[in-house]
Amino acid sequence: GESVGLHLPTLSVQEGDNSIINCAYSNSASDYFIWYKQESGKGPQFIIDIRSNMDKRQGQRVTVLLNKTVKHLSLQIAATQPGDSAVYFCAETGTSYGKLTFGQGTILTVHP
Amino acid sequence: DTEVTQTPKHLVMGMTNKKSLKCEQHMGHRAMYWYKQKAKKPPELMFVYSYEKLSINESVPSRFSPECPNSSLLNLHLHALQPEDSALYLCASSQQEIANYGYTFGSGTRLTVV
């Protein structure tokens, strides 16, 4: 059956607030990072990516920050909306290997 | 076409059954992947195909058998599964196996083994 007992980090915000979701990665060889959004019953949906030669990248309402020194990645969502409610995963891979590895994920809940 | 299409969306199978999951993409991507995702956990890599050849097998049990008939199709053949194999199976593709390209995921097949 399904595994139980693993509690994903959760973030609960009000509609209109800014949200920050954090991720720590472990592989120093990783040089390409992606944030995915996964809604219930669906596959991961690409949000934004960043390469290791950058420390910040902006998209529409989203910003990704990369701190290679401490191996930390964050996703900032501006003016969060109820439709942003989902599980958010960071993922890492490297130009020297072809394996995309996901972080544990964060559940974002946006209250109207 | 910018999608990865997986069929079926749901599958219930007995432990003695043989079934197959199918994945299709028409983006010209040359790398395709199978991931397994249990509830409340991140996707875990199972297999990587690059230019229709198996590149990575993450020590997956032999009851899961991947196949890549051509550059657009990826199958996962299932035989003698266990209830603990019940999960969401995700297919993904990317332009190349080696990174720096976005990965596109399908919506998955929800598999229940009874």
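Below are the figures for this structure:
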{"item": "Convex hull volume per residue in cubic angstrom - Cα atoms of the range B:1-46", "result": "119 Å³"}
{"item": "Buried area at the A-B interface (accessible, heavy atoms, 1.4 Å probe, summed, Å²)", "result": "2200 Å²"}
{"item": "Burial ranking of peptide ranges B:9-21, A:82-94 (average Cβ count within 10 Å, highest at the top)", "result": "A:82-94, B:9-21"}
{"item": "Heavy-atom accessible area per residue - chain B, 1.4 Å, Å²", "result": "46 Å²"}
{"item": "Tail fraction, Cα-Cα pairs, chain B, threshold 22 Å, whole percent", "result": "26 percent"}
{"item": "Extent along principal axes [Cα atoms of the range A:2-76; Å; largest to smallest]", "result": "37, 33, 22"}
{"item": "Residue-level accessible surface for B:Glu84, protein heavy atoms, 1.4 Å, Å²", "result": "100 Å²"}
{"item": "Under 13 Å from the Cα of B:Lys40 - aspartates and glutamates, other chains or at least 8 residues apart", "result": "A:Glu2, A:Glu39"}
{"item": "Fraction of accessible area attributable to carbon and sulfur, chain A (%, probe 1.4 Å)", "result": "49 percent"}
{"item": "Dimensionless Rg ratio for the protein assembly as shown, taking C-alpha atoms and the 2.2 N^0.38 Å reference", "result": "1.02"}
{"item": "Chain A, accessible area per residue, ligands and nucleic acids excluded (1.4 Å, Å²)", "result": "51 Å²"}
{"item": "Approximate spin-label separation A:Leu8-A:Ser26, in nm, with each point projected 7 Å along Cα-to-Cβ", "result": "1.9 nm"}
{"item": "Among A:Cys90, A:Ile107, A:Ile50 - extreme Cα towards positive end, dipole of chain A, charges at beta-carbon", "result": "A:Ile50"}
{"item": "Peptide ranges B:39-49, B:61-71, A:40-50 listed from the most packed, as the mean C-beta count within 10 angstrom indicates", "result": "B:39-49, A:40-50, B:61-71"}
{"item": "Cysteines not pairable in the protein assembly as shown (beta carbon separation under 4.7 Å absent)", "result": "B:Cys68"}
{"item": "Net charge of neighbours whose Cβ lies under 12 Å from the Cβ of B:Ser94, counting Lys and Arg as +1 and Asp and Glu as -1", "result": "0"}
{"item": "Calculated P(r) of the range B:61-114 - Cα pairs past 12 Å, %", "result": "73 percent"}
{"item": "Rounded percent of accessible protein surface that carbon and sulfur make up, chain B, 1.4 Å probe", "result": "48 percent"}
{"item": "Low-density loop cleavage sites - trypsin sites (Lys or Arg not before Pro) in the range A:58-112, where at most 12 other Cβ are within 10 Å (DSSP)", "result": "none"}
{"item": "Set A:Lys42/B:Lys22; A:Lys56/B:Lys36; B:Lys9/B:Lys41; A:Lys42/A:Lys99; A:Lys68/B:Lys36 screened for pairs whose C-alpha atoms are more than 26 Å apart", "result": "A:Lys56/B:Lys36; A:Lys68/B:Lys36"}
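The values are calculated or read from the model by the stated rules, or taken from the named source; none is laboratory data. Nothing here was measured: the structure is a model prediction, and the numbers come from that model. No Cβ is skipped: glycine too gets one built from the backbone with ideal geometry, and neighbour counts run over all protein chains shown. What goes into the accessible areas is simple: the full protein's heavy atoms, side chains included, and nothing from ligands, DNA or RNA. Shrake-Rupley method; radii C 1.70, N 1.55, O 1.52, S 1.80 Å.
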